[in-house]
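Peer 1: The structure follows.
The values are calculated or read from the model by the stated rules, or taken from the named source; none is laboratory data. Given the structure is predicted, the values throughout are model-derived calculations rather than measurements. Virtual Cβ from ideal backbone geometry, glycine too; neighbours counted across all protein chains shown.
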Amino acid sequence: MRNPNWSEEELILAFNLYCKIPFGKIHKNNPQIIRLAELIGRTPSAVGLKLSNLASFDPQLQARGIKGMKNAGKKDRMIFEKFQNDREGLIYQSEKILAEREGLSLENKYEAELPEANSLVGETKERYVKTRVNQNFFRQMILTNYHSKCAVTGIDLPQLLIASHILPWAQNKAERLNPENGICLSALYDKAFDQHLISFDEDYRLILSTNLKEHCTKTYYQTHFGKLEGQEMILPDKWLPKREFLEWHREELLQI
């Protein structure tokens with residue numbers, strides 16, 4: 001009989017999946033849940049229940065009055081604490097365990113995302129692999145959070161979607177992989193957001209910079225920006241953009 005107590009590795013894998021599927025799709029018939037159940041030798045129902053238990057301790061869901069299953073365990077709460085304290089370590093560990101369960105190495109699984117791996121060695125290679133694997137995870141997490149749609153336009157072509165950081169990756173290591181620091185945007189709006197030409201107010205409505213408004217007579221301005229000013233972003237499934245991060249972003253916009 002399968003041990004009812006989940007091992008640390010199993011719990012980490014469950015959390016990995018929790019970050020990659022919408023809250024509303026946590027059920028035993030979800031193919032991703034079925035796949036994880038096969039990898040760890042549990043039933044899809046058990047995996048679905050574990051993901052619901054994890055949702056009970058998700059701070060963002062709690063703040064929005066959304067609750068998972070009652071009577072979740074202490075270890076389920078601790079995984080969120082670990083995520084808050086060491087996102088880079090936990091995400092990389094979870095992806096490494098998942099690859100091993102799939103019978104792959106990280107380099108094989110993410111070969112397309114690691115074009116420079118073969119030219120690197122030692123600690124340099126390890127840092128490179130970890131960074132690229134974690135960036136790929138962040139993209140999956142953010143696109144899932146926004147149902148793979150641009151938060152401004154609703155464009156749903158994955159090839160055009162980018163997991164945009166509010167606080168830049170290079171400037172804030174602690175928040176690099178924080179899902180509250182990401183917004184799913186299509187390429188044009190990602191670039192405009194990165195250059196502080198657009199931002200969002202405290203109610204998640206689109207605002208335009210003075211610099212951008214100087215082009216208000218141009219056709220592209222009204223088509224792609226002017227008519228969208230004041231529009232509320234398409235809100236995510238679980239993790240709303242952190243208001244303090246957006247406040248910083250707006251201040252940068254005002255300085256341009």
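Peer 1: Against the definition (small (Gly, Ala, Ser) and in contact with a Ser or Thr (Cβ under 9 Å, 6 or more places away or on another chain)), how does residue 63 come out, yes or no?
Peer 2: Here the answer is no, as residue 63 does not meet what is asked.
Peer 1: Considering only residues that are outside any loop (DSSP other than H, G, I, E, B), surrounded by 15 or more Cβ atoms within 10 Å (Cβ to Cβ) and free of Cβ contacts under 8 Å to residues at least 40 places away in the same chain, which ones fall in the stretch 19-31?
Peer 2: Residue satisfying the conditions is 25 alone.
Peer 1: Let me ask something additional. Conditions: (1) outside any helix (DSSP H, G or I); (2) within 18 Å of residue 142 (Cα to Cα). Residue 246 meets all but one. Number of the miss?
Peer 2: Unmet for residue 246, out of (1) outside any helix (DSSP H, G or I); (2) within 18 Å of residue 142 (Cα to Cα): (1).
Peer 1: Look at residue 163 and say whether it is in contact with a strand residue (DSSP E or B) (Cβ under 9 Å, 6 or more places away or on another chain), farther than 25 Å from residue 55 by Cα, touching a residue at least 24 places away in the same chain (Cβ under 8 Å) and not in a loop (DSSP other than H, G, I, E, B).
Peer 2: Answer is no for this residue.
Peer 1: Can you confirm whether the stretch 179-189 contains a residue that is in a loop (DSSP other than H, G, I, E, B) and touching a strand residue (DSSP E or B) at 6+ places or on another chain (Cβ under 8 Å)?
Peer 2: Among the residues of the stretch 179-189, not one is in a loop (DSSP other than H, G, I, E, B) and touching a strand residue (DSSP E or B) at 6+ places or on another chain (Cβ under 8 Å), which makes the answer no.
Peer 1: Sticking with this structure for a sec: Keeping to the stretch 204-219, report how many residues are in a helix (DSSP H, G or I) and within 20 Å of residue 253 (Cα to Cα).
Peer 2: Looking only at that region, the number is 4.
Peer 1: State whether one or more residues within the stretch 127-140 are touching a residue at least 12 places away in the same chain (Cβ under 8 Å), assigned by TED's automatic domain parsing to the domain that holds residue 86, touching a strand residue (DSSP E or B) at 6+ places or on another chain (Cβ under 6 Å) and not basic (Lys, Arg).
Peer 2: yes
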